[in-house]
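Step one of this worksheet: look at the structure below.
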């Protein structure tokens, strides 16, 4: 009974980690797309220069 519970617990942990990693990959892709779009669509700054789209 104990080995079965250990295997089920391990499967649950691995499933949870895989789901979390997949979500983190999607978040990383979304952040990358927003970052690239920020460079493409940034507005003109002072003196006709193109400024940054973020404040920092």
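The values are calculated or read from the model by the stated rules, or taken from the named source; none is laboratory data. Treat the numbers as computed from the prediction; the structure is a model and nothing was measured. As a convention, Cβ positions derive from the backbone with ideal geometry for all residues, glycine included, and neighbour counts pool all protein chains shown.
Would you mind stating whether residue 35 is out of contact with any strand residue (DSSP E or B) (no Cβ under 8 Å at 6 or more places or on another chain), at pLDDT 85 or above and assigned to a helix (DSSP H, G or I)?
no
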For residues in region 38-48 being surrounded by 10 or more Cβ atoms within 10 Å (Cβ to Cβ) and either in contact with a helix residue (DSSP H, G or I) (Cβ under 8 Å, 6 or more places away or on another chain) or outside any helix (DSSP H, G or I) (or both), which is modelled with the highest pLDDT? 42
